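Nothing in this text is a laboratory measurement; each read-out follows from the coordinates by a stated rule. If you're wondering where the values come from, they're calculated on a predicted model, not measured in any experiment. Here the Cβ is made from the backbone with ideal geometry for all residues, glycine too, and neighbour counts use every protein chain on show.
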Amino acid sequence: MQIDGISALVTGGGSGLGEATARMLAARGAKVCILDRDADKAAAIAAAIGGVSAAGDVTSEADVGAALDTATAAHGAPRIVVNCAGIGTAGRVLGRDGPLPLEAFQRTITVNLVGTFNVLRLAAARMAALEPMEDGERGVVINTASVAAFDGQIGQAAYSASKGGIVGMTLPIARELARVGVRVNVIAPGIFLTPLLYTLPDEAQKALAADIPFPQRLGDPAEFADTVCFMATNRYLNGECLRLDGSVRLKAK
């Protein structure tokens, strides 16, 4: 798929990996709609890249539907959808205050896994109604997992489960949506320099980077965004999970 001139929706596009993705897609000619819970951030990024924005929660059918309507009205139905929205709640199963609250586990699963699926299903339904392009392709959905899906650390039970679910549903959904020409892929990033890590002192950032074999530094969000663009343009890449992590394997803690 050629990115230039294509309508795209990026969830969580108000900051971090989502912001970098929205900016790079726009720089390559895409017409971008940003969906984010923070209306002000979403609007600011959208204004900076010549796109549009929608405030909402990825777990809400109404909010996602409204964002798709906004994107469609401005640019046409999105053919590129990138799921970057998510939360990183940490907590031990058996902590100092007792068992991990069930609500904390459920919220992480709901936002990260159910929210990703909600956006995917609603976007794919609209893609399926579009005219096919080269090779019969109608669209592509790119989800965000994490290396924690494979080697989660102590305290990441909920987070790892949510990201593992995203990886696990990729192939069956890609196989199902093949009949309508919609591809589904997932990126599993390692330790990236997102807004949360920007707040850490330099020494703490260097300590995190020390375990990354090569290059021995934190990931640049632009590298994530570039991978999104690669997945969008390479039509033969389907049903895949790509680790983007400098070959790091997380320690137990």
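With only alpha-carbon pairs counted, each pair once and no self-pairs, how large is the Kirkwood hydrodynamic radius of segment 19-130 in angstroms?
Details: mean 1/r = 0.0660 Å⁻¹.
Mean inverse Cα-Cα distance, inverted, gives 15.2 Å.
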I want the local charge near residue 37. Using Cβ-Cβ distances under 12 Å, sum +1 for each Lys or Arg and -1 for each Asp or Glu among the other residues.
-4
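Count the DSSP beta bridges whose two residues both fall in segment 7-242, then state the antiparallel fraction as a percent rounded to the nearest 5. If you can, show how the numbers build up before the last one.
Values: 2 of 28 bridges.
Bridges in segment 7-242 that DSSP calls antiparallel: roughly 5 percent.
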Taking the chain as the reference, fit the longest principal axis to its C-alpha atoms, fit the long axis of helix 16-27 to the helix C-alpha atoms, and give the angle between the two in degrees, 0 to 90, nearest 10.
30 degrees
Any chance you could give the angle, 0 to 90 degrees and rounded to 10, that helix 221-233 forms with the longest Cα principal axis of the chain?
40 degrees
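Could you work out [θ]222 nm for the chain from helices alone, using -39500 (n - 2.57) per DSSP H run of at least four and dividing by all its residues? Round to the nearest 500 deg cm²/dmol. Intermediate values should be presented prior to the final figure.
Values: 10 runs with 108 residues, N = 253.
One gets -13000 deg cm²/dmol as the mean residue ellipticity at 222 nm.
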Once amide hydrogens are built 1.01 Å from N within the peptide plane, the residues lying 5 or more places from residue 52 or on another chain with amide H under 5 Å from its amide H are 32, 33, 34
Round to the nearest 10 and give me the degree value, 0 to 90, for the angle of helix 61-75's Cα axis relative to the longest principal axis of the chain.
50 degrees
Alpha carbon convex hull of the chain, projected area averaged over orientations, nm²:
13.3 nm²
For the pair residue 128/residue 198, report the inter-label distance in nm, with labels modelled 7 Å from Cα in the Cβ direction.
4.0 nm
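How far, in nm, would the chain grow between residue 38 and residue 237 when pulled straight, counting 0.36 nm per residue and subtracting the alpha carbon separation?
Values: separation 199, 0.36 × 199 = 71.64 nm, distance 3.22 nm.
Gain on extension, residue 38 to residue 237, equals 68.4 nm.
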³J(HN,Hα) across segment 178-183 via Karplus (A = 6.51, B = -1.76, C = 1.60, θ = phi - 60°), whole Hz, x for Gly/Pro?
4, 5, 10, x, 10, 8
Whole-Hz Karplus ³J(HN,Hα) for segment 85-97, in order, using 6.51 cos²θ - 1.76 cosθ + 1.60 and θ = phi - 60°, x for Gly and Pro?
5, x, 10, x, 4, 10, x, 6, 4, 10, x, 4, 9
Distance in nm between label sites at residue 47 and residue 96, each 7 Å beyond Cα in the beta-carbon direction?
4.3 nm
How many nm is it between the label spots at residue 217 and residue 66, if each spot is 7 Å from the Cα in line with the beta carbon?
4.1 nm
